[in-house]
1. Could you identify the single residue in Gly149, Gly104 that is open to solvent by less than 40 Å² (accessible area, probe 1.4 Å), without any contact (Cβ under 8 Å) to a residue 60 or more places away in the chain and not hydrophobic (A, V, I, L, M, F, W, C)?
2. Within segment 152-178, work out how many residues are open to solvent by 10 Å² or more (accessible area, probe 1.4 Å) and either of a type outside the set (Ser, Thr, Tyr) or more than 20 Å from Arg279 (Cα to Cα) (or both).
3. Kindly evaluate Ala161 against the criterion of being aliphatic (A, V, I, L, M), part of a helix (DSSP H, G or I) and farther than 17 Å from Ile126 by Cβ.
4. So which residues in segment 128-146 are open to solvent by less than 10 Å² (accessible area, probe 1.4 Å) and under 26 Å from Ala179 (Cα atoms), if there are any at all?
5. Residues of segment 76-98 being open to solvent by less than 10 Å² (accessible area, probe 1.4 Å), in contact (Cβ under 8 Å) with a residue 24 or more places away in the chain, of a type in the set (A, V, I, L, M, F, W, C) and part of a loop (DSSP other than H, G, I, E, B), which ones?
6. Of these, Arg33, Arg19, which one is under 23 Å from Met152 (Cβ atoms) and touching a Ser or Thr at 6+ places or on another chain (Cβ under 8 Å)?
7. Kindly provide the set of residues from segment 107-125 that are open to solvent by less than 20 Å² (accessible area, probe 1.4 Å) and acidic (Asp, Glu), ordered by number.
8. Helices (runs of 4 or more DSSP H) wholly in segment 179-283 with at least 1 residues that are open to solvent by 40 Å² or more (accessible area, probe 1.4 Å) and without any contact (Cβ under 8 Å) to a residue 24 or more places away in the chain - which ones?
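The values are calculated or read from the model by the stated rules, or taken from the named source; none is laboratory data. This is a predicted model, so every value here is computed, not measured. As a convention, Cβ positions derive from the backbone with ideal geometry for all residues, glycine included, and neighbour counts pool all protein chains shown. Heads up: the accessible areas ignore ligands, DNA and RNA and are worked out on the full protein's heavy atoms, side chains in. Shrake-Rupley method; radii C 1.70, N 1.55, O 1.52, S 1.80 Å.
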Amino acid sequence: MSQTLRLLSEHACFGGVQRFYEHASEATGTPMRFGVYLPPQAAQGPCPAVVYLAGLTCTEETFAIKAGAQREAARLGLILVSPDTSPRGTGIDGADALWDFGHGAGFYLDATQAPWSAHFRMERYITRELHALLCAQLPLRPDAIGLMGHSMGGHGALTLALRHPGLYRSVSALAPIVAPSQVPWGRKAFAGYLGPDESSWAAHDACALIAAGHRLPPLLVDQGLADKFLAEQLQPERLEAACRAAGQDLTLRRHAGYDHGYYFVASVIADHLQHHAVRLKTG
């Protein structure tokens, strides 16, 4: 793993600083970018951190620019990390042809099918390479890292936390894809990245993992009821049923009038950061 971070930009923000970095990734074999918000408290010593996984078509800048999270992170003393959603510039034919598969749509898993398996190793990148890099390079507490995400990133937050118990002390999701093996977005991605054998897909499906005995810290999920993807792609009732059957602690909040975008994310982000702060500071 390259330990060399290249600072791309830096912006003063609510008494802290928003930065964007690039580094050479061994996991993906490409340059990878991520954003970091350091609250003012980070100047005094290590702080808890929350990693945010963004959704389809997003980049490392989307959350930092659109969610309005820095104000609350500054108040709570939380570091925010926002990695890109996939490797870029892979040279794979067709990687830019679709908005919901390929570049910008890594689905936070390690592809097993050529040509994607050469670079699309996002699980390894997030949970091993980036995790180690953050612990080595940032003033964060390695024992106090949370994970959250939106849409495809909500799927990533759920499955990575389920697959790597103990790595993340707190978990939450906004409008997540909870059962990707059962909905069009996930089935398209899984077929392309993992191949046609659907028996391998359950290992990357949050509802299936919970049913198989994997567990999360107390989970907060928010879902807008005016979300145009609700019925076909998201289906939070599947997560609700899986958690109920397994005894997994879940708070699922449904919000009338809210859609899938960042106006929704911005409306609930403070609650999510408070959820993480409680777990990370006292859990």
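1. Being open to solvent by less than 40 Å² (accessible area, probe 1.4 Å), without any contact (Cβ under 8 Å) to a residue 60 or more places away in the chain and not hydrophobic (A, V, I, L, M, F, W, C) holds for just one of Gly149, Gly104, which is Gly104.
2. The qualifying residues number 6.
3. Values: aliphatic (A, V, I, L, M): yes; part of a helix (DSSP H, G or I): yes; farther than 17 Å from Ile126 by Cβ: no.
No.
4. Leu130, Ile145, Gly146, listed by residue number.
5. Within segment 76-98, just Leu78 meets the criteria.
6. Arg33
7. Selection gives Glu123 alone.
8. 184-194, 236-246, 262-282
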